[in-house]
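A short write-up of the structure that comes next.
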Amino acid sequence: MRSPLITRVSWGEMEVEGLAAGKDFVLFPGGGEAWDWNVHGTRHEPGIQAGDVRELLGRGCAVVVLSQGMERRLKTTPEALRVLREAGVVVHADETRAAVALYNRLAGDGEAVGGLFHSTC
């Protein structure tokens, strides 16, 4: 299963193949959904939580792209990075537009890529 491509990103809105437009997304091989930060208690600080990345691992991701936001304000907790490292997953983190470009390239190459994308700060 191919990961869906992100077709447009701008401040506060993203468009993804096969999904309704939204602000933040969890994407994985075969699909994606809106990213609800409240599920695992994600906030800009301390950042992306271990529960967020465990969901990606459960969806078969071998590569994970973490968006840091347009202004790089979204952090990632050390525990989330540890979970990914222990699973042997390749991790990339970058500003949102750069993260989207990398994710789309990997998805287009057929990689089992997933990602967490934040379209504002």
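Hey, what D do you get for the chain in µm²/s if you plug the Kirkwood alpha-carbon radius into Stokes-Einstein at 25 °C and 0.890 mPa s?
Numbers: Rh = 13.7 Å.
Answer, rounded: 179 µm²/s.
TRP11 to TRP37: FRET efficiency via 1/(1 + (r/R0)^6), r the Cβ-Cβ distance, R0 22 Å, to the nearest 0.05? The partial results should precede the final answer.
Numbers: r = 17 Å, r/R0 = 0.79.
Efficiency at R0 = 22 Å is approximately 0.80.
Out of all DSSP beta bridges with both ends in the stretch 6-118, state the antiparallel percent to the nearest 5.
Bridges in the stretch 6-118 that DSSP calls antiparallel: roughly 60 percent.
Residue farthest toward the positive end of the dipole of the chain, with Cβ of Lys/Arg at +1 and Asp/Glu at -1: which of TRP35, LEU116, GLY22?
LEU116
Using alpha-carbon positions, what is the distance between the centroids of the stretch 42-60 and the stretch 11-29, in Å?
16
Work out the length of the dipole vector of the chain about its Cα centre, built from +1 on the beta-carbon of each Lys and Arg and -1 on the beta-carbon of each Asp and Glu, and round it to the nearest 20 debye.
180
The numbers here are math on the coordinates, done by the rules we state, and not lab data. Note that this is a predicted model, so its numbers are computed, not measured. As a convention, Cβ positions derive from the backbone with ideal geometry for all residues, glycine included, and neighbour counts pool all protein chains shown.
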